[in-house]
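Here the structure is laid out as structure tokens; the discussion comes afterwards.
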Amino acid sequence: MAMSDDLRAIQDQVEEGLKGATTLDALEQIRIAALGKKGSLTALMHMMGKVPPEERPAMGKLANTVRANVDAAIAGRKEQLARAVLDARIQAEAVDVTLPGRRLTPGTQHLISQIREEIEDIFVGLGYTVEDGPFVETTYYNFTALNAPEDHPSRSAKDTFYVEDRAPEGKVQHVLGESDVLLRTQTSGVQVHVMEEKKPPIYMICPGTVFRPDTADANHLPQFTQVEGLVVDEGITFGDLKGTLDYFCREIFGKDRATRYRPHFFPFTEPSCEVDVSCGVCHGKGCRFCKNTGWLEILGCGMVDPNVFDYVGIDPERYSGFAFGIGVERVAALRYDLPDLRMLMTGDMRFLRQF
Ligand code: DAH
């Protein structure tokens, strides 16, 4: 009865193997090993012809039973595995409806963007256009065409971020050092771009980011925002400059604020001034916020130097103009009495949400 033992052994073997099979692949291997063309059960079936005729019916019946059992065992295990996979998926995708919801925390427009837009609105209301300019500039636009002499201290690598882009042999290399390419230190270069592209009359502002190698502290940021302004037309006088900037100061700080024009020097304007507004904390009496002067500096300005007109081919005999540069962070700090400019950079919502 060796054959019937073999048949039962095959069934045992399959059942034992199935217990350890955890993937559909493993099940298939077991099926092939028993029922495949070269499988153990198939081999025994082929030997049926050698069984003595009187034993054949019983042996055939046993073989069929084993085969049916093996089939059923494999199918059963298959179903088990499929259920386990489904259970795992249901577990993984389960939604816990008892968890608290995720609260939406909508932000607000950043204070710097708000003030920049407010400044834009004031000048657009006066008929100015809003222009744009590149952050990465050449020394020509940032200094030379603005009448800054070759040895002007602001050109040094101490005061300007230079971008060295003359890369050796297909390499990209960025090092600090003086070259012809820099991160703009002021928006004033946009004056030159605009005068190259447009004929007077020009009434424009250009808001934008500028960069200087300053360590961030309460009053300095290595990256900040300016709004440049330029007017070029026939018959423009210092009176136009003063009327325009007085109007701007009252719009942005309030009607009760006084202005003061202090002589100053800028290479691209002559004469040049710095403009102060009266301190909003002490109303000009003097306090800690205005360092006891009663005044707060907010912008630089002046009448466009004829040398600048020469660089862009505008006739200084026919046209005159004024220019100004407003520090946006400074306006924000003065209007809201911010003790430290770095508060504008932290992204702290507790601070930013107030505006
Ligand atoms: N560019 C100057 C600065 O960054 C600000 C400035 C002063 C701009 C006078 C002007 C101007 O257009 O006329 O300090």
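The values are calculated or read from the model by the stated rules, or taken from the named source; none is laboratory data. These numbers come from a predicted model, not from an experiment. As a convention, Cβ positions derive from the backbone with ideal geometry for all residues, glycine included, and neighbour counts pool all protein chains shown. For accessibility, only protein heavy atoms count, side chains too; no ligands or nucleic acids. Shrake-Rupley method; radii C 1.70, N 1.55, O 1.52, S 1.80 Å.
A few comments on the model shown:
- With 0.36 nm allotted per residue and the present C-alpha distance subtracted, the Lys198-Ala43 stretch has 46.3 nm of extension available.
- Less than 5 angstrom separates the built amide H of Thr269 from those of Asp305, all sequence-distant by 5 or more or on a different chain.
- Among the GluC sites (Glu not before Pro) found in the stretch 99-140, not one is both in a DSSP coil and sparsely packed, with 14 or fewer other Cβ atoms within 10 Å of its Cβ.
- Stretching the chain fully between Gln13 and Asp315 yields a gain of 98.4 nm (0.36 nm per residue, less the alpha carbon separation).
- Summed residue charge, Cβ within 14 Å of Thr105's Cβ, Lys/Arg positive, Asp/Glu negative: +3
- A straight Cα-to-Cα reach below 30 Å connects Lys158 with the lysines Lys171, Lys291, residues fewer than 8 places away in its own chain not being considered.
- Surface composition of the chain: carbon plus sulfur atoms contribute 53% of the solvent-accessible area (1.4 Å probe, protein chains only, all chains present).
- Solvent-accessible surface of protein heavy atoms, probed at 1.4 angstrom with all chains present, puts His110, His193 in the order His110, His193, largest first.
- For the stretch 120-137, the Karplus equation 6.51 cos²θ - 1.76 cosθ + 1.60, evaluated at θ = phi - 60°, returns couplings of 4, 4, 4, 7, 4, x, 8, x, 7, 8, 10, 9, 10, x, x, 6, 8, 10 Hz by residue, with Gly and Pro reported as x.
- Cysteines (scope the chain) whose Cβ has no counterpart Cys Cβ under 4.7 Å: Cys206, Cys249, Cys273, Cys301
- Each residue, Asn219 and Val85, gets one label point 7 Å from its Cα in the Cβ direction; the gap between the two is 7.1 nm.
- For Leu299, the amide hydrogen comes within under 5 Å of the amide hydrogens of Val275, counting only partners 5 or more places away or on other chains and with H modelled in the peptide plane.
- Solvent exposure, largest accessible area first (probe 1.4 Å, DNA, RNA and ligands not counted), of Val130, Val97: Val97, Val130
- Nearest-ten-degree value, helix 24-35 long axis tilted from longest Cα axis of the chain: 20
- Rolling a 1.4 Å probe over the protein heavy atoms leaves Glu196 with an accessible area of roughly 80 Å².
- Surface accessible to a 1.4 Å probe, Arg212 within the full protein complex, Å²: 80
- Distance between modelled label sites at Asp151 and Glu93, nm, 7 Å Cα→Cβ extension: 7.8
- Seen from Gly302, the other residues with C-beta closer than 13 Å to its C-beta sum to a net charge of -3, counting Lys and Arg as +1 and Asp and Glu as -1.
- For the listed residue pairs Lys199/Lys255; Lys37/Lys78; Lys50/Lys78, the alpha carbons are over 25 angstrom apart in Lys199/Lys255; Lys50/Lys78.
- Per residue value of the accessible surface for the chain (all protein chains in place, 1.4 Å probe), Å²: 57
- Computed with a 1.4 Å probe on the full set of protein chains, the accessible area for Ile32 sits at about 80 Å².
- The packing ranking of peptides 77-87, 285-295, highest mean first, is 285-295, 77-87, where packing means the average number of other beta carbon atoms within 10 angstrom of each residue.
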